[in-house]
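The values are calculated or read from the model by the stated rules, or taken from the named source; none is laboratory data. Treat the numbers as computed from the prediction; the structure is a model and nothing was measured. Using ideal geometry, Cβ is built from the backbone for each residue, glycine included, and neighbour counts are taken over all protein chains shown.
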Amino acid sequence: MTDPMPRLICATTVPFDAAGDLDAAGLTRLFQGLAESGIGDVFTPGTTGEFTTLDDGERLAVIEAALATFGPPHVYAHVGAASTRQAVALARRARDLGATRFAAITPYFVAAGPTATADYFRSLAEAVPEGEFFVYVFRDRASTDVTPTEMAHLATISGIAGAKVSGLDTPSALEYVKAVPAGWPVYSGNDREMLRFVRGGGQGAVAGISGVFPEPFIAAAAALDDPSTTDRALAAVQTRIDRAVDLTLTGDFAMLKAGVALRGLPSGPLRIAVEAPDRVAVDRLAEAIAATA
């Protein structure tokens with residue numbers, strides 16, 4: 001590893017202008033705003049960043065802006081694609097921009113089997129041998145699954161440095177932690193379960209809600225790294241995380257975009273086709289964000 005592994009990685013949104021084009025200037029302001037709030041590491045552009053709606057040039061622009069603000073050790077440049085060819089090309093171009101840590105969702109739309117999935121990640125690692133690659137598993141969205149046993153095999157590939165597992169409860173996510181070598185970092189994409197997952201042996205969380213409510217997640221990361229933290233203090237932090245998760249309707253895309261805008265950061269419309277957020281829910285979110293100002 002080139003740098004100590006964090007407890008919290010923020011899965012960022014991506015701002016668009018009123019016409020739906022990538023807001024390049026807004027990207028810089030967004031990342032600077034996140035950094036000023038205390039966020040130290042970002043995963044971008046991933047699911048929360050609507051990566052499936054971005055062309056390759058836009059994805060690289062997002063990565064380049066993140067690198068300029070956070071620096072290479074703190075950016076997990078998401079280069080996953082439906083094909084190995086596209087993912088490898090993105091990884092090489094992101095490397096040329098300065099990226100050293102990468103994430104790649106499994107091949108998606110058509111479910112890949114274990115051999116094809118291993119070949120995909122091996123090809124990425126061989127294409128950028130100096131890089132650290134993190135396996136991103138989100139079966140419900142990508143259709144491709146990676147079992148804990150299969151993850152243990154991926155962990156043996158040189159350059160495959162960790163994993164993020166999304167859409168799972170904590171007991172299921174911890175099966176991956178048990179399967180891989182000790183110290184090999186596994187992150188959960190379940191924001192609400194950050195504390196329980198780490199206390200069970202996981203490394204941390206890749207949390208989209210931390211882009212709207214960074215404070216409770218930053219507090220959770222600090223509490224987990226402080227051996228003097230009491231169970232009562234952890235319970236208090238969990239209450240704050242639960243409220244953040246509930247206010248964003250468990251990380252609803254539209255609510256996350258609304259929340260980023262309510263924090264005064266560039267956001268814009270969604271490109272993905274989802275329903276508009278409930279007005280009452282947005283009003284509650286606005287009141288909560290105003291109370292933290």
- Looking at (1) closer than 23 Å to GLY201 by Cβ; (2) surrounded by 16 or more Cβ atoms within 10 Å (Cβ to Cβ), which is the only condition THR149 fails? (2)
- Subset of the range 1-31 [farther than 25 Å from GLY201 by Cα and assigned to a strand (DSSP E or B)]: PHE16, LEU22
- THR239 passes all but one of (1) farther than 24 Å from ALA25 by Cα; (2) within 18 Å of the chain's Cα centre (by Cα); which number fails? (2)
- Task: Determine which member of the set GLY202, GLY211, GLY251 is in contact with a strand residue (DSSP E or B) (Cβ under 8 Å, 6 or more places away or on another chain), surrounded by 13 or more Cβ atoms within 10 Å (Cβ to Cβ) and within 21 Å of GLY33 (Cβ to Cβ).
- Result: GLY211
- Task: Just give me the residues in the range 51-87 being of a type outside the set (S, T, N, Q), under 19 Å from PRO107 (Cβ atoms) and part of a loop (DSSP other than H, G, I, E, B), in sequence order.
- Result: LEU54, ASP55, VAL79, GLY80, ALA81, ALA82
- Message: Here is a check on your reading of the model: is ALA173 in contact with a helix residue (DSSP H, G or I) (Cβ under 9 Å, 6 or more places away or on another chain) and in a strand (DSSP E or B)?
- Response: no
- Message: The conditions are (1) touching a residue at least 40 places away in the same chain (Cβ under 8 Å); (2) surrounded by fewer than 21 Cβ atoms within 10 Å (Cβ to Cβ), and GLU287 fails exactly one of them. Which is it?
- Response: (1)
- By residue number, the members of the range 155-206 that are closer than 27 Å to PRO129 by Cα, within 16 Å of the chain's Cα centre (by Cα) and without any contact (Cβ under 8 Å) to a residue 60 or more places away in the chain are ALA163, VAL165, VAL186, SER188, GLY202
- In the list GLY251, GLY259, GLY264, GLY268, which residue meets the criterion of being modelled with pLDDT of 95 or more and not in a loop (DSSP other than H, G, I, E, B)? GLY259
- Task: Kindly indicate whether ALA152 is aliphatic (A, V, I, L, M) and within 19 Å of the chain's Cα centre (by Cα).
- Result: no
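Yes/no matrix, rows are residues, columns are (1) more than 17 Å from the chain's Cα centre (by Cα); (2) among the small types (Gly, Ala, Ser):
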site	(1), (2)
VAL212	no, no
SER228	yes, yes
THR250	no, no
ARG279	yes, no
